[in-house]
Amino acid sequence: MDSLAAVDWTAYEQEALKAIEGALSESELDDARVKYLGRKSELAQALRAVRDRESGMLLNGIRARLEAAVLAREHDLLRVAYEAAADSGVDVTIPGHPVRRGRLHLLTQIRREIEDIFLGMGYEVWDGAEVATTWENFDALTSDPGHPSRSQFDTFYLDDDTVLRTHTSPDQIRAMQQRTPPVYLVSPGRCYRRDTPDATHSPIFLQVECLAVDRGITLADLQGTVLQFFRALFGQEREVRMRTSFFPFTEPSVEFDVTCFICGGRGCGTCKHSGWIEMGGAGWVDPDVFRNVDLDPAEWQGFAFGFGIERIAMLRHGLPDLRAFWENDLRVLGQF
């Protein structure tokens, strides 16, 4: 792959090891860790784009060795600090004041888990912009010009042609404009709508969009992808069903349900005694959407689906109120 071949990974590892082993303080060591192992490092970006086993083994091997080097250097710096403190007459064996450790927000935890599942299936994580043009948010997705969602009572407008995105679907349009298919991406991020906050609605919410564009794709690929995802998220015994529906940018359109992970499909209060939980919408990318981004629908086929991250968190942990995620009550968030 181009991005992998563009980097001399032997030199990259040697440079990183030199920086790690040469760190003289915790701050210097942390700077080196962020530069060579952080989420925006060349190594992390390359790992996100890996599509073959050989490249994955090479990069994961480098990551493991660098992480071991960071840990070893941390121990060395700690030992030096202890020795210096002991020489100054400080008793380093006296217990200090306990410090409560922070943790990732529950929604961040689930978002990262979702990203890891799709990365394992060969998808790219696309970090899209939260501001979109009306063409990207509505027109390119074949939304009816008179649809209520275009109203200023439903959507946050920055000006006549710019909005805070109401869904992550504009990332589909940008990706197909910028990339030559095949395209396999998952796009998680914040969305905005003029909703009054209550137990199931919020003006700010997190959504995940999945898009696959290639030759020879069928609806069976969509169903298999959704099934693999929910089995990874909720357990291998889960089953998925699809029901016909309507969305402006897919034809045909479906909604998908997953067997209840609380009762195993027998029926309970969570699934309203149906044995199934509604999870999101999906469908076959409408040919008009392909035409809007200058792709030939006779050559390319694809599917897309989306779902809410808060809904997954609520169902998985039995939280009854969406507002608990955004109120930042540590008594709630500390449980996760």
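Looking only at the stretch 8-33, which residues are of a type in the set (Ser, Thr, Tyr), out of contact with any Phe, Trp or Tyr (no Cβ under 9 Å at 6 or more places or on another chain) and part of a helix (DSSP H, G or I)? Walk me through how you get there before you give the answer.
If we filter the stretch 8-33 for residues that are of a type in the set (Ser, Thr, Tyr), which is where we start, we get 10, 12, 25, 27.
Among the residues that remain, those that are also out of contact with any Phe, Trp or Tyr (no Cβ under 9 Å at 6 or more places or on another chain) are: 10, 25, 27.
10, 27, listed by residue number.
Output the residue which, of all residues in the stretch 301-336 that are modelled with pLDDT of 85 or more and among the β-branched types (Val, Ile, Thr), is nearest to residue 171 (Cα to Cα).
309
Against the condition modelled with pLDDT of 85 or more and among the β-branched types (Val, Ile, Thr), how does residue 7 come out, does it pass?
Details: modelled with pLDDT of 85 or more: no; among the β-branched types (Val, Ile, Thr): yes.
So residue 7 fails the test.
Hey, any hits in the stretch 240-247 for a residue that's touching a residue at least 40 places away in the same chain (Cβ under 8 Å) and outside any strand (DSSP E or B)? Explain how you work it out, then say what you get.
Step one: of the stretch 240-247, the residues touching a residue at least 40 places away in the same chain (Cβ under 8 Å) are 242.
From what is left, the residues that are outside any strand (DSSP E or B) are none.
For the stretch 240-247, residues touching a residue at least 40 places away in the same chain (Cβ under 8 Å) and outside any strand (DSSP E or B): absent.
Looking only at the stretch 1-13, count how many residues are over 21 Å from residue 74 (Cβ atoms), of a type in the set (D, E, K, R) and touching a residue at least 40 places away in the same chain (Cβ under 8 Å).
Matching residues across the stretch 1-13 total 0.
For the stretch 228-252, what are the residues that are closer than 30 Å to residue 145 by Cα and aromatic (Phe, Trp, Tyr)? Spell out the reasoning first.
Of the stretch 228-252, the ones closer than 30 Å to residue 145 by Cα are 242-252.
Result: 246, 247, 249.
Filter the stretch 267-287 for residues that are in contact with a Leu (Cβ under 9 Å, 6 or more places away or on another chain) and not in a strand (DSSP E or B); which is nearest to residue 107 (Cα to Cα)?
We begin by selecting, within the stretch 267-287, every residue in contact with a Leu (Cβ under 9 Å, 6 or more places away or on another chain); these are 270, 277, 279, 282-286.
Within this subset, residues satisfying the condition of being not in a strand (DSSP E or B) are 270, 286.
Numbers: 270: 20, 286: 31 Å.
Only one residue fits best here, namely 270.
A quick yes/no check of all residues on (1) among the polar types (S, T, N, Q); (2) touching a residue at least 12 places away in the same chain (Cβ under 8 Å); (3) under 18 Å from residue 281 (Cβ atoms):
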position: 119; (1), (2), (3): no, yes, no
position: 147; (1), (2), (3): no, yes, yes
position: 174; (1), (2), (3): no, yes, no
position: 177; (1), (2), (3): yes, yes, no
position: 195; (1), (2), (3): no, no, yes
position: 210; (1), (2), (3): no, yes, yes
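Please work out which one of (1) exposed (fewer than 13 other Cβ atoms within 10 Å of the Cβ); (2) farther than 18 Å from residue 253 by Cβ; (3) among the acidic types (Asp, Glu) is the condition residue 195 fails and give its number.
That leaves (1) as the condition not met.
For residue 59, work out the one condition from (1) under 22 Å from the mean Cα position of the chain (by Cα); (2) within 25 Å of residue 84 (Cα to Cα) it doesn't fulfil.
(2)
For the stretch 276-311, what are the residues that are more than 24 Å from residue 204 (Cβ to Cβ), in contact with a strand residue (DSSP E or B) (Cβ under 8 Å, 6 or more places away or on another chain) and among the small types (Gly, Ala, Ser)?
283, 302
I'd like to verify a number: residues in the stretch 14-33 that are surrounded by 15 or more Cβ atoms within 10 Å (Cβ to Cβ) and touching a residue at least 40 places away in the same chain (Cβ under 8 Å), how many?
Total satisfying the criteria: 5.
Only one of (1) in contact (Cβ under 8 Å) with a residue 24 or more places away in the chain; (2) not in a helix (DSSP H, G or I) fails for residue 36. Which number is that?
So the condition that residue 36 fails would be (2).
The values are calculated or read from the model by the stated rules, or taken from the named source; none is laboratory data. Since the structure is predicted, the reported quantities are computational estimates derived from the model, not experimental observations. Methodologically, a virtual Cβ is constructed for each residue, glycine included, from the backbone with ideal geometry; neighbour enumeration extends over all protein chains shown.
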